[in-house]
Amino acid sequence: MSARCASNLAAAARRRAPPSRRRALRALRASRATAKAAAADDDDDDDAALTYADVAPRPPSSSVGGIGSRLDVSRAFTADIDPALTAATPQGRSLLDYVRLPAEEYNVLDADNVRPTGDGAFTVRAGVQKILFLEVEPVGVLRIVPTTNGCDQILEGAVMNDAKAARRGTPPNAIIASMNASLRDLKMRNRISAVPSPSSSGGGGGGGGGAEAIKCQIDVAGTFTEGPFAAAGGDRLNGLLSWCLGAVMPWFLGQLALDYGDWSAGKPRGRRSVDVGAVAGEIIGGARRGTLPPGVREVETEASML
């Protein structure tokens with residue numbers, strides 16, 4: 001018997017069934033559909049309430065000892081300063097004086113986004129950034145601790161503000177709330193110092209020629225049990241952060257070296273408009289090529305204090 005014939009016979013049988021039976025069958029189909037819909041809605045979730053864990057893939061290595069992800073990354077770079085520049089530096093304009101400047105006086109930072117909070121601390125706002133469909137404003141509180149040859153900038157706390165929710169007057173996005181849950185466990189130290197240039201005495205760092213350099217070492221650590229950092233997995237998280245530091249730090253040090261040249265000579269250091277897209281392209285392009293700005297080199301890290 002063909003499928004068409006079987007279908008016709010079934011339809012005829014349904015037409016011959018008593019009306020009461022047809023009503024019962026329709027009621028049964030309706031009840032099954034209702035039960036299926038209720039099961040789909042039983043968790044009371046909606047798209048607005050999704051967390052990062054709901055939407056992010058969970059890699060097999062996302063757990064470290066059953067506690068989440070562990071982060072421990074340190075990178076260090078130096079930027080050479082022209083010896084002729086330091087030789088002509090007037091009193092109070094040495095490289096050591098520069099690296100001890102308050103953070104808001106570094107010309108590579110937007111002074112409008114740096115605010116002292118007292119007790120050697122300041123708040124830095126990175127501006128609104130777009131990440132996929134989110135609009136976030138990273139905000140960090142840093143404490144300054146003087147050292148013998150510079151200063152340590154120690155992260156006291158960080159948060160991602162939901163810029164879109166603030167603008168619309170709506171509750172913060174659940175994914176951003178999940179990010180902030182991770183950030184509670186983040187530790188960071190940025191040590192900026194004036195050191196002998198590694199290029200002195202054949203690169204031995206002895207400073208025999210008197211050349212100086214700005215050194216920057218960033219240590220980042222944390223054990224994450226909540227949010228995207230916990231879900232990412234330790235291997236992925238450490239690899240990604242190490243790559244990011246290796247991309248951004250050389251550019252940052254190159255800018256510091258240029259700014260010191262203007263500051264030491266007493267030149268005007270007016271703010272210049274920055275093409276964020278062009279800067280990002282320059283940073284990422286250099287990282288992909290494995291090239292560093294002139295005078296910038298990676299050096300061995302000191303033991304992390306985190």
May I ask you to say which residue of 226, 137, 212 is of a type in the set (Asp, Glu) and within 20 Å of residue 113 (Cα to Cα)? 137
Looking only at the stretch 223-242, and only at residues there that are modelled with pLDDT of 90 or more and hydroxyl-bearing (Ser, Thr, Tyr), the one that is surrounded by the most Cβ atoms within 10 Å (Cβ to Cβ): 223
Selection count where residues are assigned to a strand (DSSP E or B) and within 24 Å of the chain's Cα centre (by Cα), scope the stretch 179-200: 7
Would you mention how many residues in the stretch 116-144 are surrounded by 12 or more Cβ atoms within 10 Å (Cβ to Cβ) and either in a strand (DSSP E or B) or modelled with pLDDT of 90 or more (or both)? 19
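The values are calculated or read from the model by the stated rules, or taken from the named source; none is laboratory data. The model shown is predicted, which means the values in this text are computed figures rather than measured ones. Because the Cβ atoms are built from the backbone with ideal geometry, glycine has one as well, and the counts that use them run over all protein chains shown.
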